[in-house]
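Student: Sharing a structure, written as structure tokens. Questions coming.
Values quoted throughout were computed directly from the atomic coordinates according to the rules given, and no laboratory measurement underlies them. The structure displayed is predicted, hence computed values, not measured ones. A quick note on method: Cβ atoms are made from the backbone with ideal geometry, for glycine too, and the neighbour counts reach across all protein chains shown.
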Amino acid sequence: GRLMASAPPLAGVEAGAQIDTIFQPLADEAGRLRMIEAMPERQPFSGQRLRLRGDGNVFVAEGGPLVDAGGHFAGMMLRLTAEAPDAADRTGGEPLLDGRFIGDMLAPALRQPLSRIVANAETIGARTVGPLRQNYADYARDIADAARHLVALIDDLSDLEALERPGFAPARDPVDLADCARRAAGLLAVRATDRAIAIRHDIDRSIPAIGEYRRVLQILVNLIGNAVRYAPDASEVTIRGGSADQMCWLSVSDAGSGIAPADRERVFAKFERLGRDGDGGSGLGLYIARRLARAMDGELSVDEAEEGGARFTLHLPCR
């Protein structure tokens with residue numbers, strides 16, 4: 001949101017500035033950000049502490065929705081009270097964000113309203129409550145897709161935050177890569193079917209490896225999801241696996257346009273999307289996947305598939 005006016009004016013702050021460039025919200029003892037929870041729901045709130053980014057002064061905010069003469073929502077009004085300079089910081093002197101702002105504070109506050117947007121938009125788009133013009137049903141599906149993209153972005157940023165936290169270490173548990181591949185493919189089956197893409201398994205045995213099950217599944221969902229996204233309609237995505245030299249491996253291949261040799265390292269860079277705009281990606285998935293693979297003493301690489309598309313291969317230590 002933007003600050004449209006203040007009385008009295010805040011020193012050095014211009015009308016129209018983004019709120020998050022002016023204030024840093026501080027979570028309460030329960031990790032909640034009351035203002036961020038209330039704004040999407042257009043509800044009143046109180047007790048939200050805000051740190052002014054310019055000079056570090058802390059305010060306690062309360063607020064509520066504004067309506068115009070026609071009864072329509074017109075924004076939020078905040079009332080700020082300066083906190084005493086010697087007020088004890090609730091973090092006990094530790095850094096306010098402590099590397100956990102998105103995952104522990106922001107993500108929980110945003111997931112609930114975004115999930116409600118997805119559910120309501122899907123209900124409208126499916127016309128379950130009555131007839132609706134096709135273009136409005138399409139708009140509703142676009143809204144649901146956009147909200148799902150935001151949820152995925154929040155998840156990516158939470159994972160990025162966790163990965164870059166000192167001491168991050170995934171579990172070292174026995175996992176079956178073949179089973180993980182089947183489960184990941186099952187999660188992407190509907191998306192693949194919508195485009196007549198077949199996900200083919202070329203694995204007829206277990207592949208016992210060492211890693212954290214949840215993180216291995218996360219990597220494979222990313223790889224198979226990307227393969228489905230960039231494969232041509234009515235083509236195949238192929239999953240193969242095996243072991244060699246004490247390392248187990250799984251590969252995911254598609255029949256798309258592939259990745260040029262010069263871009264095969266670049267594709268793993270943070271926020272890198274190789275110029276693909278509007279495809280719903282954040283540019284973090286492959287960066288996170290490789291970081292996770294390496295944290296589990298493995299590797300993630302890409303080369304050219306036999307079908308001419310891209311082939312991503314995950315290596316993990318064998319049991």
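Student: If only Cα atoms are counted, what is the Rg of the stretch 171-319, and what is its Dmax, in Å?
Tutor: Rg and Dmax of the stretch 171-319, Cα atoms, are 14.3, 41 Å.
Student: Students often check this: by mean Cβ neighbours within 10 Å, which of 158-169, 208-219, 126-137, 251-262 ranks highest, and how do the rest follow?
Tutor: Order by mean packing, descending: 208-219, 251-262, 158-169, 126-137.
Student: Per-residue HN-Hα couplings for the stretch 263-268, Karplus 6.51 cos²θ - 1.76 cosθ + 1.60 at θ = phi - 60°, whole Hz, x for Gly and Pro?
Tutor: Result, ordered by residue: 9, 6, 8, 4, 5, 8 Hz.
Student: Sticking with this structure for a sec: From the backbone phi of the stretch 183-196, what are the Karplus-calculated ³J(HN,Hα) couplings (6.51 cos²θ - 1.76 cosθ + 1.60, θ = phi - 60°) in whole Hz, Gly and Pro given as x?
Tutor: Residue by residue, the stretch 183-196 yields 5, 5, 4, x, 5, 9, 4, 5, 4, 5, 4, 4, 10, 6 Hz.
Student: Also: Please give the length that would be gained between Ala234 and Thr128 if that part of the chain were fully extended, namely 0.36 nm times their separation in residues minus their C-alpha to C-alpha distance (nm, one decimal).
Tutor: Extra length from Ala234 to Thr128 when fully extended: 35.2 nm.
Student: Can you tell me the FRET efficiency between Leu66 and Arg273 if r is taken as the Cβ-Cβ distance and R0 is 35 Å, rounded to the nearest 0.05?
Tutor: Working from the Cβ atoms, E equals 0.35.
Student: Report ³J(HN,Hα) in whole Hz for each residue of the stretch 313-319, in order, from the Karplus equation J = 6.51 cos²θ - 1.76 cosθ + 1.60 where θ = phi - 60°; Gly and Pro get x.
Tutor: Listing the rounded values in order: 10, 9, 10, 9, x, 7, 7 Hz.
Student: Please list, in chain and number order, the residues 5+ apart from Ala74 or on another chain whose amide H is under 5 Å from its amide H, with Hs placed from the backbone.
Tutor: Correct list: Leu66, Val67, Asp68.
Student: Here's something else I'd like to know. For the stretch 155-259, what class follows from the C-alpha gyration tensor (a ≥ b ≥ c being the square roots of its eigenvalues): rounded when a/c is under 1.5, otherwise prolate if a/b is larger than b/c, else oblate?
Tutor: Oblate shape, in that a/c is at least 1.5 and b/c is the bigger or equal ratio.
Student: If you don't mind, another one. If you add up the charges near Arg240, with Lys and Arg at +1 and Asp and Glu at -1, over every other residue whose beta carbon is less than 14 angstrom from its beta carbon, what do you get?
Tutor: In short, -3.
Student: Students often check this: by mean Cβ neighbours within 10 Å, which of 263-271, 37-45 ranks highest, and how do the rest follow?
Tutor: Per-residue Cβ counts within 10 Å, averaged per peptide and sorted highest first, yield 37-45, 263-271.
Student: Further question: Report, in cubic angstrom per residue, the convex hull volume of the C-alpha atoms of the stretch 138-191.
Tutor: Dividing the Cα hull volume of the stretch 138-191 by its residues yields 81 Å³.
Student: Continuing with this model, one more query. Please give me the summed charge of the neighbours of Asp297: other residues whose Cβ is under 15 Å from its Cβ, Lys and Arg +1, Asp and Glu -1.
Tutor: +2
Student: If you average the C-alpha positions of the stretch 126-183 and of the stretch 206-264 separately, how far apart do those two centres end up, in angstrom?
Tutor: Their Cα centres are 18 Å away from one another.
Student: Right, next: Figure the gain on full extension for Met77 and Ala262 (residue separation times 0.36 nm, minus the Cα-Cα span) and round it to one decimal in nm.
Tutor: 61.4 nm
Student: Compute the length gained on full extension between Ala30 and Phe168: take 0.36 nm times their separation in residues and subtract their Cα-Cα distance, giving the result in nm to one decimal.
Tutor: 47.3 nm
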